[in-house]
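A.B. asks: Submitted below is the structure of interest, expressed as structure tokens.
The values are calculated or read from the model by the stated rules, or taken from the named source; none is laboratory data. Since we're looking at a predicted model, the values are computed, not measured. Don't worry about glycine lacking a Cβ; one is built from the backbone with ideal geometry, like all the others, and counts go over all protein chains shown.
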Amino acid sequence: MSDAPKRPSLWARIRNNVFFRVALRPSTRYSLAFLTLGGFIAGVAFWGAFNTALEVANTEQFCITCHEMKDNVYQELQGTIHWTNRSGVRATCPDCHVPHQWTLKIARKMAASREVWGHLFGIIGTREKFLDTRPELAAHEWARMSANHSQECRNCHSPQSMNFAKQSERAANIHKEQLLTGEKSCIDCHKGIAHRLPVNKADEVPAFDD
């Protein structure tokens with residue numbers, strides 16, 4: 001049998017750490033009520049700061065601080081019906097590209113760290129690089145919207161509230177047969193509704209046949 005001293009357990013090593021000894025030591029100066037109230041106030045302050053930062057990062061002005069967005073897709077958006085229309089309702093970048101449900105919104109923000117990486121290293125830093133990468137970028141966004149059944153579209157557009165009498169006969173038939181039945185969702189036909197399609201992609205979208 002070895003006489004080597006037994007190595008302390010992980011928990012024992014944590015308890016012996018100076019930081020944890022201070023953090024876990026009962027307070028001799030402040031009451032439990034004071035510490036509880038202080039923790040609550042600190043939690044509210046943290047949540048307020050976090051939520052404020054989240055909302056700032058969820059605005060169109062924040063999105064177009066990157067020139068990749070401002071000089072490319074943002075310019076295209078300004079020529080579409082989502083930018084200006086008879087009703088005066090304009091869709092912004094987050095309306096279509098950020099989920100409204102909080103948990104999904106956080107997941108999308110975490111995934112956006114890859115976009116920050118791409119900006120810092122100039123992956124699509126020029127118009128030429130953007131156009132070369134555009135089919136891949138579009139495919140990722142189409143797949144995301146297809147997976148959630150075009151939820152971001154349906155946040156504003158309700159198929160059940162559509163007035164088919166004011167649509168073209170072809171559009172009304174397609175919406176009744178495929179959209180209302182759930183066979184297809186918005187993104188299956190309207191891939192170029194707010195931005196130009198990647199080169200050689202127009203033929204794959206039925207809505208652009210005419």
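A.B. asks: Can you pull out the residues in the stretch 53-68 that are without any contact (Cβ under 8 Å) to a residue 60 or more places away in the chain and either touching an Asp or Glu at 6+ places or on another chain (Cβ under 9 Å) or among the β-branched types (Val, Ile, Thr) (or both)?
C.D. replies: VAL56, THR59, GLU60, ILE64, THR65, CYS66 - these are the residues of the stretch 53-68 that are without any contact (Cβ under 8 Å) to a residue 60 or more places away in the chain and either touching an Asp or Glu at 6+ places or on another chain (Cβ under 9 Å) or among the β-branched types (Val, Ile, Thr) (or both).
A.B. asks: For the stretch 84-102, how many residues meet the condition of being surrounded by 15 or more Cβ atoms within 10 Å (Cβ to Cβ), outside any loop (DSSP other than H, G, I, E, B) and either free of Cβ contacts under 8 Å to residues at least 40 places away in the same chain or among the β-branched types (Val, Ile, Thr) (or both)?
C.D. replies: Within the stretch 84-102, residues that are surrounded by 15 or more Cβ atoms within 10 Å (Cβ to Cβ), outside any loop (DSSP other than H, G, I, E, B) and either free of Cβ contacts under 8 Å to residues at least 40 places away in the same chain or among the β-branched types (Val, Ile, Thr) (or both) number 2.
Yes/no per residue for (1) touching an Asp or Glu at 6+ places or on another chain (Cβ under 8 Å); (2) at pLDDT 90 or above:
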{"position": "LEU131", "(1), (2)": "no, yes"}
{"position": "ARG134", "(1), (2)": "no, yes"}
{"position": "ARG144", "(1), (2)": "no, yes"}
{"position": "GLU152", "(1), (2)": "yes, yes"}
{"position": "ASN163", "(1), (2)": "no, yes"}
{"position": "GLN167", "(1), (2)": "no, yes"}
{"position": "PRO198", "(1), (2)": "no, no"}
{"position": "ALA202", "(1), (2)": "no, no"}
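A.B. asks: What number of residues within the stretch 175-197 are free of Cβ contacts under 8 Å to residues at least 24 places away in the same chain and touching a Cys at 6+ places or on another chain (Cβ under 7 Å)?
C.D. replies: Of the residues in that region, 0 qualify.
A.B. asks: Answer yes or no: is there a residue in the stretch 167-187 that is within 26 Å of GLN75 (Cβ to Cβ), outside the structural domain of THR52 (by TED's automatic domain parsing) and not in a loop (DSSP other than H, G, I, E, B).
C.D. replies: Yes, because at least one residue in the stretch 167-187 is within 26 Å of GLN75 (Cβ to Cβ), outside the structural domain of THR52 (by TED's automatic domain parsing) and not in a loop (DSSP other than H, G, I, E, B).
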